[in-house]
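Participant: I am attaching a structure below and will ask some questions about it afterwards.
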Amino acid sequence: EAGVAQSPRYKIIEKRQSVAFWCNPISGHATLYWYQQILGQGPKLLIQFQNNGVVDDSQLPKDRFSAERLKGVDSTLKIQPAKLEDSAVYLCASSSMGHANTEAFFGQGTRLTVV
Amino acid sequence: AQKVTQAQTEISVVEKEDVTLDCVYETRDTTYYLFWYKQPPSGELVFLIRRNSFDEQNEISGRYSWNFQKSTSSFNFTITASQVVDSAVYFCALSEEKNAGKSTFGDGTTLTVKP
């Protein structure tokens with residue numbers, strides 16, 4: 001079974017530029033998550049999708065971050081404009097159901113450096 | 001609000017030593033789930049175990065064991081006879097039933113096992 005795929009693996013941009021990350025979840029998984037992991041910290045949930053609908057985006061900085069999940073499969077996360085404090089690893093994860101007792105499967109992440 | 005504390009930032013042991021990683025959580029929900037994930041250098045978080053709030057039985061899986069104590073709000077993880085391949089960052093996470101699918105992660109413990 002293929003895992004969660006993310007691209008690119010690494011990205012370096014200047015502040016105020018825009019960037020987009022892509023995620024392809026495990027086939028058949030209805031729930032997709034985007035997490036931000038700052039160096040030395042645990043992952044922090046940015047947004048959760050159930051199929052192509054948003055379940056939780058309470059911690060997404062909506063003035064600069066946006067995400068979509070067209071057709072309930074792949075997802076993209078965009079940052080525009082980027083700030084220095086956005087430097088982090090962006091992890092995509094998926095689960096078969098968005099229940100509290102369901103474990104998530106993670107991709108390898110995209111390491112973003114904003115200079 | 002849910003919170004997870006992993007007080008040990010870094011632990012270093014020599015191969016074959018036993019090591020315990022501590023996890024303390026806070027929640028007001030009566031139904032919740034606790035998880036441990038491993039994050040190797042490749043970046044993706046790998047699910048290790050899940051425990052629900054009504055099951056305080058300890059669990060053993062090979063060299064891994066988990067001790068869940070509701071009285072102290074702790075869910076500790078022990079690796080017996082550690083190996084170099086156990087070197088990774090380990091995260092404890094909490095999901096409340098009422099916040100379906102939304103996990104709160106601790107800041108992780110970096111375990112280094114030296115040969």
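The values are calculated or read from the model by the stated rules, or taken from the named source; none is laboratory data. This is a predicted model, so every value here is computed, not measured. Quick reminder, even Gly has a Cβ in these numbers, built from the backbone with ideal geometry, and neighbours come from all protein chains shown. Note: accessible area is taken over every heavy atom of the protein model, side chains too, but ligands, DNA and RNA are not part of it. Shrake-Rupley method; radii C 1.70, N 1.55, O 1.52, S 1.80 Å.
Participant: Looking at A:ALA82 and the list (1) open to solvent by less than 20 Å² (accessible area, probe 1.4 Å); (2) within 14 Å of another protein chain (Cβ to nearest Cβ); (3) not in a strand (DSSP E or B), which single condition is not satisfied?
Facilitator: Answer for A:ALA82: the failing condition is (2).
Participant: Within region B:38-60, which residues are assigned to a strand (DSSP E or B) and either in contact (Cβ under 8 Å) with a residue 60 or more places away in the chain or open to solvent by 40 Å² or more (accessible area, probe 1.4 Å) (or both)?
Facilitator: Selection gives B:GLN39, B:VAL46, B:PHE47, B:LEU48, B:ARG50, B:ASN52, B:GLU59, B:ILE60.
Participant: State all residues of region A:29-42 that are under 15 Å from A:SER75 (Cβ atoms) and either among the small types (Gly, Ala, Ser) or touching a helix residue (DSSP H, G or I) at 6+ places or on another chain (Cβ under 7 Å) (or both); if no residue qualifies, say none.
Facilitator: A:ALA30
Participant: Also, quick follow-up: Can you tell me which residue among A:ALA67, A:ALA100 is among the small types (Gly, Ala, Ser) and more than 30 Å from B:PHE54 (Cα to Cα)?
Facilitator: When all the criteria are applied, what remains is A:ALA67.
Participant: Which of (1) modelled with pLDDT of 95 or more; (2) more than 30 Å from A:ASP57 (Cβ to Cβ) does B:ASN58 not meet, given it meets every other one?
Facilitator: Unmet condition: (1).
Participant: Could you tell me how many of the residues in region A:1-48 are part of a strand (DSSP E or B) and not small (Gly, Ala, Ser)?
Facilitator: 22
Participant: Next up: Quick one: in region B:61-80, which of the residues that are open to solvent by 40 Å² or more (accessible area, probe 1.4 Å) and either on the phi > 0 side of the Ramachandran plot or out of contact with any Ser or Thr (no Cβ under 9 Å at 6 or more places or on another chain) (or both) is nearest to the other protein chains (Cβ to nearest Cβ)?
Facilitator: Looking at the filtered set, the residue picked out is B:SER61.
Participant: State all residues of region B:81-115 that are farther than 20 Å from A:GLU103 by Cβ and either within 14 Å of chain A (Cβ to nearest Cβ) or outside any helix (DSSP H, G or I) (or both); if no residue qualifies, say none.
Facilitator: B:ALA81, B:SER82, B:GLN83, B:SER87, B:THR110, B:LEU111, B:THR112, B:VAL113, B:LYS114, B:PRO115
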